[in-house]
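Accompanying notes for the structure given below.
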Amino acid sequence: MSGEAILDAQELSTSFIVKRARRRFELKAVDNVSFQLNRGEILGVVGETGCGKTTVGRSLVGLVRPKSGRVVYDGEDILSLGEKRLRDIRLRIRMVFQDPYASLDPRRSVGDSVAEAGDIHGLFPNRQARAESIDTTLRQVGLDPFFAKRFPHELSGGQRQRVGIARAILPTPEIIIADEPVSALDVSIQAQVLNLLLDLQGSLNLTILFISHDLSVVGQISSRIAVMYLGRIVELAEATALYAAPAHPYTKALIAAVPRADPTRRVSGGGARAELPSRFEVPDGCAFASRCPVKQQRCLTETPRLRSLADGRLVACHFA
Ligand SMILES: Nc1ncnc2c1ncn2[C@@H]1O[C@H](COP(=O)(O)OP(=O)(O)O)[C@@H](O)[C@H]1O
Ligand SMILES: [Mg+2]
């Protein structure tokens, strides 16, 4: 679990105020989340839809403002910076989104979209340097430079996501936050985009936070995996250790639910079959207790803290 931390998220909490039945509620989308992103790694973040993965990613770069916590990058707390400094930081920590079609302007050519961050921040000394940068970046994501003249509607889903990745890497970032980058793609195309991210991580020395609701996707690309449940990290471990011996009952349920190639093995929910509890009534004690097959009385009253096991993994369960 060692490695040099390039980004250190400390006790991040992000809430949204939402109205329900004419009352205002605080929805704790992210609740006291801490983790380190180590230089050169791919850290996966997995958990069901609504558990706060996107909010973690957006909080890291100040796209939503956490209520409390710190994000230490390059020796300073990003969240204490003003908007102008934050925009500069966002050249070094870039986002890739789920739906490249939604994030690409339909009236802009691919080349203009890829160059956007460079245009805004004045990164190109002249037209020729700009054109060369677009060419190089398109090649890096496996697209022929003639794509620069194309428009988003002329591209396939996989090609559009390659453009989304090109937009992210053009300013030579250190960190990529990829939020469900393959979730909108056909399974056959998913593997190509995952391989591209792996290649780029090596060739460009990137550190990647890879967010997905799909554990099998996260497992294909990540060296470590953080499992989230209702706004909290419940387990964080090396990917191989997590698969070999999941410690948290929720992780066990997730792994049991991943479809296996072996048809003789039963696919089950691992006991965690109940619905996700309402985000407005997060229960006392362990948030997973209502779905947990091994819960005890203690779990209903005492919230388990994230603690370190002998092998270095972190787990938030009284009985792990
Ligand atoms: N802008 C917002 N306003 C209100 N609630 C939000 C907003 N963004 C996210 N949420 C809520 O916060 C929780 C976590 O959402 P999100 O971070 O998108 O989860 P995930 O990415 O894991 O699906 C959800 O209950 C979601 O409805
Ligand atoms: Mg999300």
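Observations on the model:
- FRET E, pair Q128, Q296, Förster distance 45 Å, beta-carbon r, rounded to 0.05: 0.10
- Taking the number of Cβ atoms within 10 Å of each Cβ as an exposure proxy, the fewest-first ranking of V64, V227 is V64, V227.
- Between the Cα long axis of helix 127-140 and the first principal axis of the chain there is an angle of about 40°, rounded to the nearest 10.
- Cα-based helix-to-principal-axis angle, 187-203 vs the chain, degrees rounded to 10: 70 degrees
- Subtracting the Cα-Cα distance of E83 and E154 from 0.36 nm times their residue separation leaves 22.1 nm of extension gain.
- Debye intensity ratio I(q)/I(0), log10, the chain, q values 0.12 Å⁻¹ (C-alpha model): -0.86
- Cα-based helix-to-principal-axis angle, 83-92 vs the chain, degrees rounded to 10: 80 degrees
- FRET E, pair A21, A102, Förster distance 30 Å, beta-carbon r, rounded to 0.05: 0.45
- With a Cα cut-off of under 26 Å and a minimum spacing of 8 residues unless on different chains, the lysine pairs in the chain number 13.
- DSSP bridge pairs, the chain: antiparallel proportion in percent, nearest 5: 60 percent
- Within the chain, helix-based [θ] at 222 nm, where runs of 4 or more DSSP H residues each add -39,500 (n - 2.57), nearest 500: -9000 deg cm²/dmol
- Residues D112 and D284, FRET efficiency given R0 of 56 Å [Cβ-Cβ distance, rounded to 0.05]: 0.60
- The radius of gyration of the Cα set in segment 70-116, together with its Dmax, comes out at 14.1, 40 angstrom.
- Cα-based shape type of segment 82-226, given that a ≥ b ≥ c are square roots of the gyration tensor eigenvalues and the cut on a/c is 1.5: oblate
Since every read-out is calculated from the coordinates, none of them should be taken as a lab result. Only a predicted model underlies this, so the values are computations on that prediction, with no experimental measurement involved. Positions of Cβ are generated from backbone atoms using ideal geometry, with glycine treated the same way; all protein chains shown enter the neighbour counts.
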